[in-house]
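The values are calculated or read from the model by the stated rules, or taken from the named source; none is laboratory data. Quick caveat: nothing in here was measured; it's all calculated off a predicted structure. Glycine also receives a Cβ, built like all others from the backbone with ideal geometry; neighbour counts cover every protein chain displayed. Heavy atoms of the whole protein, side chains included, go into the accessibility calculation; ligands, DNA and RNA do not. Shrake-Rupley method; radii C 1.70, N 1.55, O 1.52, S 1.80 Å.
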Amino acid sequence: MLALVVLTAASVAYAEPTAPELQAEGEQLAKDSRYSEAIDKFKAADKVQPTASHACLIALAYTRRELWPQAEIFLARCHERATPQDPLPDWVPVAEQQIADRLATANAAAVSIDVSPPDAKVLLTVSSFAPDETFAPRTIHLPPGHHVILAEAMGYEPARAEVVIESKEPKRVTIELAKPAGPTKALPAPPVPHEASPWSKRLLVGGLVIGGAGLVATGFMSYEYFAAKNSAADWDSHIDTYRTSRVAAISLLAVGGGLAITGYLLHRSDERASVAAVPLPEGGAMLAVGWQR
């Protein structure tokens, strides 16, 4: 079992081609005029080991396919990567001159691409490009047709600009970058309109009516009281009526005032009221008012 695992791992490691091997395969494909396949091999080699020569080979293959914007982008990438340890290939000046000569006669327009703000670290691409073919703001040559230029930058929303090429007339495109919108602040919910309990009005009106009856009883009580003060005989004849009217007045005023106050408070409250009549053992009933939320 251990031998099988070691053998499998060794075969997997052996199956992974190196960057020089991928480059050699791409060069052979280019010699056979199979430029699209050669580009894929050069990109695979560049993924394993990014070098200036790989970018230059990709640019050269795109030149053979007359895809000028990609050729320009990878040629610029070739120059950016060049170092004393990884110098430009000897044939780069010849390829640059060839691209310049062909662009002078090719049916393509120079499109200068700018972004705002200019200090944003943005990567651009064109809708017809492969996903890995990105570039910084610069001038590229686009053939006739409708093109969409896409922009992505750290700290900004993705942006895009459309350009239509109908002739070789140069164009300038400016892409405006916008900061991401902040979180939307939730607005407070509107207050729910207060709906008074139907019992509030009933209690208030009932209390006022009963209170009014209490005032009438108070007036009658006062009359009996002053009539009873005239003489002892008048006192004996009016005392029972006075006492009855006094109890009625006090009871009516107390009940009426209580109901009116309860109705007023209930009108201003969010609580719900329940009203019930509780029978009394000696007869009659007691009015009970309760609240619940």
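Quick look at the values:
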{"read-out": "Local electrostatic count, residue 104, Cβ distance below 14 Å [Lys/Arg +1, Asp/Glu -1]", "value": "-2"}
{"read-out": "Spacing of the two label points (7 Å from each Cα toward its C-beta) at residue 110 and residue 130, in nm", "value": "2.8"}
{"read-out": "Accessible-area composition of region 21-142, carbon plus sulfur, in percent [1.4 Å probe]", "value": "52"}
{"read-out": "Cα gyration tensor shape for region 84-142, rounded if a/c is under 1.5, else prolate or oblate", "value": "oblate"}
{"read-out": "Region 51-189 - accessible surface per residue (Å², probe 1.4 Å)", "value": "56"}
{"read-out": "Environment charge of residue 177, counting only residues whose C-beta is closer than 12 Å and scoring Lys/Arg +1, Asp/Glu -1", "value": "-2"}
{"read-out": "Mean shadow area of region 29-146, taken as a quarter of the surface of its Cα convex hull (nm²)", "value": "8.3"}
{"read-out": "Residue 119 versus residue 216: modelled label distance in nm, points set 7 Å from Cα along the beta carbon direction", "value": "8.9"}
{"read-out": "Length added when fully stretched, residue 98-residue 146, from 0.36 nm per residue minus Cα-Cα", "value": "14.7 nm"}
{"read-out": "Summed side-chain charge close to residue 158 - residues other than residue 158 whose Cβ falls under 15 Å, Lys, Arg +1, Asp, Glu -1", "value": "-1"}
